[in-house]
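Worksheet: one structure, shown below.
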Amino acid sequence: MVETPTAAEGLAILRTMWRIRLFEEAVEDLYGRGMMHGTMHLSIGEEAVPTGACLALKDGDQITSTHRGHGHCIAKGADLGRSMAELLAKDNGYCRGRGGSMHIADVATGNLGANGIVGGGLPIAAGAGLSNKLRGVDNVCLCFHGDGSVGEGAWHEALTLASMWDLPVVFVCENNQYGMSMPSKKAFKVENISDKAAGFGIPGETVDGNDVLAVREAVQRAVDRARRGEGPSFIEALTYRWRGALEVGQEPLPHQGRDPGLARPRPHRAMGRRDARHRACHP
Amino acid sequence: MLDIELVTHEQLDAEQAAARQDIREAVVFGTKGEDPTVEAMMAGIYAPSPVDAFDIAKGIVA
Amino acid sequence: MTATRTMTYAEAIREAMFQAMTADPRVFLMGEDVGIYGGAFGVTNDLYEKLGTDRIRDTTISELGIMGAGVGAALTGMRPIVEIQFSDFLCQAMDQVVNQAAKLHFMVGGQASVPLVIRAPGGSGTGAAAQHSQSLEAWFAHVPGLKVVMPSDATDAASLLLAALEDPNPVLILEHKLLYKQSFEVPEVFPKALLGQGRIVREGTDLTIVATSIEVQRASEAAELLAADGISAEVIDPRTIKPLDLPLILASVSKTGRVLLVQEAVKFNGFMSEVAAGIAESPAFGDLQAPIRRLCGLDTPIPYSPQLERASVPQVADIVREATALVKEW
């Protein structure tokens with residue numbers, strides 16, 4: 001049974017979610033003013049997933065992240081200044097300007113890094129889990145990945161190894177409904193992506209990824225199970241990318257209408273059309 | 001969280017204001033940073049190794 | 001004179017792994033059929049009985065997953081050895097080798113490193129045909145962040161493996177499947193090796209033969225035959241192709257004035273093209289009395305027919321013929 005959060009935890013949740021939201025808005029602004037370059041995948045609208053999930057972790061636990069990873073980084077405890085410096089390609093950034101948005105990492109806090117390859121982090125998470133098990137520590141690796149990676153071979157191989165070896169890994173699938181332009185409903189012929197967990201003989205669960213407390217509760221159960229040595233779990237968090245993603249042709253979906261609770265969503269400026277800035281900002 | 005009275009509207013606004021200040025400071029920290037150098041980049045491809053003969057390969061060590 | 005003993009290439013690798021795992025609890029091995037089966041080429045043999053199934057881990061047939069698990073374990077304090085059953089199957093694991101292992105230390109600004117050792121048998125000669133016989137070293141040497149090792153005898157197979165395990169970077173060791181069962185004289189204690197340090201296998205004065213992997217052995221046999229014909233060949237084994245001990249090669253080329261470059265891999269865009277370019281760009285070029293010559297595998301997938309397979313990669317007689325021509329014609 002997962003306990004109800006305390007008021008202090010509630011404040012911490014708010015703090016993290018606001019920091020992610022405002023960080024992303026600042027990135028969008030700096031990008032638009034030409035002060036940032038390259039590729040930026042924003043997680044506006046998806047803040048509740050990393051925030052809720054990372055609340056279930058303790059020191060020494062690891063995460064692997066994705067190309068849309070600013071939120072994971074902040075939720076795991078990264079310094080905002082060094083994160084921003086990295087995106088600004090500066091030497092005082094986390095990766096000394098070598099990694100940028102898609103490779104941001106903060107290894108000291110257990111963030112093993114974002115990943116520019118869809119599905120790239122899944123086998124690495126299995127390896128971190130294996131390492132925890134072999135080193136005899138009770139740490140857990142939380143593997144953030146998108147619905148787009150579910151079609152990758154890496155996804156299947158990582159879940160195969162993690163389940164075979166009962167590794168302390170929690171796979172958190174951020175289902176933001178689209179793998180670039182491919183709707184996940186069209187791609188996967190299951191009611192929920194979490195139904196696939198049964199194929200690996202591990203628990204699978206779908207939660208409202210815009211409900212930070214629901215995410216926290218589900219991930220906490222999975223983390224506790226992993227810590228007890230009972231193996232991996234799979235959690236699908238339904239969410240939606242508000243910006244910094246390919247918006248053309250997206251149809252409103254049930255989870256689109258809800259903001260994770262920060263503010264009323266701003267209208268989609270690029271909905272239904274591509275302007276040059278958005279095309280550059282999200283491949 | 002508002003619904004279950006875990007936090008109040010005032011706290012929501014206060015956290016937003018605090019976060020806004022944090023982000024402002026982060027942007028300042030970032031924009032004031034030095035640009036990275038090619039020399040540091042080239043020295044950072046491999047981790048320093050106790051069994052490395054790169055110096056031999058470069059002809060630096062006989 | 002140090003005492004020696006006789007052991008096969010496979011036995012030397014097994015002993016080096018046992019030695020490393022006994023000395024360092026962070027070292028473990030995972031791969032397909034490395035446990036009770038003993039490895040596809042018998043390299044692990046009974047190791048799992050001595051070290052247990054935690055340290056000698058049988059995996060599913062999931063090269064990408066295994067490689068990624070190796071990367072993740074290496075990132076978080078372990079020293080994994082990943083065995084890929086045939087080096088051709090590295091193609092299945094390419095993302096984790098090239099996009100992850102090779103680049104992570106760089107991409108995260110040095111916050112972490114990936115001390116991962118990958119062992120994979122390459123080369124032809126077993127009749128396993130095109131998908132189990134390739135020599136793909138040039139692909140990996142082309143990727144900044146990887147080190148690539150090609151041991152040509154039992155001592156090097158052990159010493160370079162131990163050096164790779166001490167290195168904080170991903171190291172790919174391409175073993176040769178024809179060497180596994182061959183016996184070699186090996187010192188009682190495996191000598192310390194450095195990655196990036198080549199070896200003069202045999203000294204000579206008329207030409208330099210640079211060869212890798214099993215071609216080192218063929219070049220040495222060829223050198224014996226050449227000696228009988230009055231030609232003195234110096235044989236050099238770079239041992240690691242990335243980093244490359246170019247100074248050793250250049251000094252030899254300056255001394256002999258002729259160079260024959262021998263590899264099993266196809267000639268086009270191969271490793272020896274890099275060696276040729278390195279010589280051509282250096283002052284040693286001025287000491288050459290003859291054009292640089294490459295003797296490589298034919299530009300073909302490895303065929304099944306034993307006659308075709310032999311004809312596809314340099315054999316001893318080919319090396320003798322090319323070396324003789326190089327000395328006699330120039």
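The values are calculated or read from the model by the stated rules, or taken from the named source; none is laboratory data. The shown structure was predicted, so the numbers you read here are calculated from the model rather than taken from an experiment. In this analysis, Cβ positions are derived from the backbone assuming ideal geometry, glycine residues included, and neighbour counts consider all displayed protein chains. Please note that ligands, DNA and RNA were not included when accessible areas were found on the heavy atoms of the full protein model with its side chains. Shrake-Rupley method; radii C 1.70, N 1.55, O 1.52, S 1.80 Å.
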Residues of the stretch B:1-43 being in a loop (DSSP other than H, G, I, E, B), more than 7 Å from chain A (Cβ to nearest Cβ), surrounded by 12 or more Cβ atoms within 10 Å (Cβ to Cβ) and modelled with pLDDT under 95, which ones? B:Leu2, B:Thr8
Which count do you get for residues in the stretch C:118-148 that are assigned to a helix (DSSP H, G or I), in contact with a Leu (Cβ under 9 Å, 6 or more places away or on another chain) and aliphatic (A, V, I, L, M)? 1
Name the residue that is least open to solvent (accessible area, probe 1.4 Å), counting only residues in the stretch A:182-221 that are more than 20 Å from A:His72 (Cβ to Cβ) and small (Gly, Ala, Ser). A:Ala197
Those residues that are open to solvent by less than 10 Å² (accessible area, probe 1.4 Å), outside any strand (DSSP E or B) and in contact with an Asp or Glu (Cβ under 9 Å, 6 or more places away or on another chain), I need them from the stretch A:130-157; list them, please. A:Asn132, A:Val140, A:Asp147, A:Ala154
Output yes when any residue across the stretch C:125-142 is without any contact (Cβ under 8 Å) to a residue 24 or more places away in the chain and more than 18 Å from C:Tyr180 (Cβ to Cβ), and no when none is. yes
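Please tell me if B:Ile60 is at pLDDT below 85 and outside any helix (DSSP H, G or I).
Values: at pLDDT below 85: yes; outside any helix (DSSP H, G or I): yes.
Criteria met by B:Ile60.
Being surrounded by 21 or more Cβ atoms within 10 Å (Cβ to Cβ) and within 30 Å of A:Ser83 (Cβ to Cβ): is that true of C:Pro115 here? Explain how you work it out, then say what you get.
Working: surrounded by 21 or more Cβ atoms within 10 Å (Cβ to Cβ): yes; within 30 Å of A:Ser83 (Cβ to Cβ): yes.
Answer is yes for this residue.
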Residue check, C:Ser124 buried (at least 24 other Cβ atoms within 10 Å of the Cβ) and away from chain A (no Cβ under 14 Å): yes
For the stretch C:58-70 the number of residues that are surrounded by 24 or more Cβ atoms within 10 Å (Cβ to Cβ) and either closer than 22 Å to C:Ile13 by Cβ or touching a His at 6+ places or on another chain (Cβ under 7 Å) (or both) is 5
Single unsatisfied condition, C:Ala265 versus (1) within 14 Å of chain B (Cβ to nearest Cβ); (2) closer than 14 Å to C:Trp139 by Cβ: (1)
For C:Arg79, indicate whether it is among the basic types (Lys, Arg), within 14 Å of chain A (Cβ to nearest Cβ) and open to solvent by less than 40 Å² (accessible area, probe 1.4 Å). yes
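Can you tell me which residue among A:Ala26, A:Ala53, A:Ala48, A:Ala8 is more than 18 Å from the chain's Cα centre (by Cα) and either touching a residue at least 60 places away in the same chain (Cβ under 8 Å) or farther than 21 Å from A:Trp242 by Cα (or both)?
Working: A:Ala26 fails: either touching a residue at least 60 places away in the same chain (Cβ under 8 Å) or farther than 21 Å from A:Trp242 by Cα (or both); A:Ala53 fails: more than 18 Å from the chain's Cα centre (by Cα); A:Ala48 fails: more than 18 Å from the chain's Cα centre (by Cα).
Result of the check over A:Ala26, A:Ala53, A:Ala48, A:Ala8: A:Ala8.
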Condition check: more than 10 Å from chain A (Cβ to nearest Cβ) and in contact (Cβ under 8 Å) with a residue 12 or more places away in the chain. Does C:Ile84 satisfy that? yes
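Residues that are in a strand (DSSP E or B), touching a strand residue (DSSP E or B) at 6+ places or on another chain (Cβ under 7 Å) and crowded, with 23+ Cβ neighbours inside 10 Å: does the stretch C:149-167 have at least one?
Initially, the stretch C:149-167 is screened for residues in a strand (DSSP E or B), giving C:149.
Retained after the next criterion (residues that are touching a strand residue (DSSP E or B) at 6+ places or on another chain (Cβ under 7 Å)): C:149.
Applying the additional criterion that residues be crowded, with 23+ Cβ neighbours inside 10 Å yields C:149.
The answer is yes, given that some residue of the stretch C:149-167 is in a strand (DSSP E or B), touching a strand residue (DSSP E or B) at 6+ places or on another chain (Cβ under 7 Å) and crowded, with 23+ Cβ neighbours inside 10 Å.
Criterion first (farther than 29 Å from C:Pro168 by Cα, among the hydrophobic types (A, V, I, L, M, F, W, C) and in contact with a strand residue (DSSP E or B) (Cβ under 7 Å, 6 or more places away or on another chain)) does C:Ala251 satisfy it? Please lay out each step first, then the result.
Numbers: farther than 29 Å from C:Pro168 by Cα: yes; among the hydrophobic types (A, V, I, L, M, F, W, C): yes; in contact with a strand residue (DSSP E or B) (Cβ under 7 Å, 6 or more places away or on another chain): no.
It is false that C:Ala251 is farther than 29 Å from C:Pro168 by Cα, among the hydrophobic types (A, V, I, L, M, F, W, C) and in contact with a strand residue (DSSP E or B) (Cβ under 7 Å, 6 or more places away or on another chain).
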Mind listing whichever residues of the stretch C:168-212 are open to solvent by less than 20 Å² (accessible area, probe 1.4 Å), of a type in the set (S, T, N, Q) and over 16 Å from the mean Cα position of the chain (by Cα)? C:Asn169, C:Thr208
Out of the residues in the stretch C:232-244 that are assigned to a loop (DSSP other than H, G, I, E, B) and open to solvent by 10 Å² or more (accessible area, probe 1.4 Å), which is modelled with the lowest pLDDT? C:Leu244
Mind counting the residues in the stretch C:168-178 that are more than 10 Å from every other protein chain (Cβ to nearest Cβ) and either part of a helix (DSSP H, G or I) or more than 14 Å from C:Ala120 (Cβ to Cβ) (or both)? 1
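Scan the stretch C:205-212 and give yes if some residue there is among the hydroxyl-bearing types (Ser, Thr, Tyr) and either closer than 30 Å to C:Leu75 by Cα or assigned to a loop (DSSP other than H, G, I, E, B) (or both), otherwise no. Don't jump to the end; show me each part of the working.
Residues of the stretch C:205-212 among the hydroxyl-bearing types (Ser, Thr, Tyr): C:205, C:208, C:212.
Pick out the ones that are also either closer than 30 Å to C:Leu75 by Cα or assigned to a loop (DSSP other than H, G, I, E, B) (or both) and you get C:205, C:212.
Checked against the condition, which is being among the hydroxyl-bearing types (Ser, Thr, Tyr) and either closer than 30 Å to C:Leu75 by Cα or assigned to a loop (DSSP other than H, G, I, E, B) (or both), the stretch C:205-212 yields at least one hit.
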Kindly indicate whether any position in the stretch A:163-181 is in a helix (DSSP H, G or I) and either surrounded by fewer than 22 Cβ atoms within 10 Å (Cβ to Cβ) or within 14 Å of chain C (Cβ to nearest Cβ) (or both). yes
All but one of (1) assigned to a strand (DSSP E or B); (2) of a type in the set (A, V, I, L, M); (3) open to solvent by 30 Å² or more (accessible area, probe 1.4 Å) hold for C:Leu248; state the number of the condition that does not hold. (1)
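Please state which one of C:Ala223, C:Ala280 is hydrophobic (A, V, I, L, M, F, W, C), open to solvent by less than 60 Å² (accessible area, probe 1.4 Å) and either closer than 16 Å to C:Asp206 by Cβ or within 14 Å of chain B (Cβ to nearest Cβ) (or both).
Values: C:Ala280 fails: either closer than 16 Å to C:Asp206 by Cβ or within 14 Å of chain B (Cβ to nearest Cβ) (or both).
Result: C:Ala223 is the single residue among C:Ala223, C:Ala280 that is hydrophobic (A, V, I, L, M, F, W, C), open to solvent by less than 60 Å² (accessible area, probe 1.4 Å) and either closer than 16 Å to C:Asp206 by Cβ or within 14 Å of chain B (Cβ to nearest Cβ) (or both).
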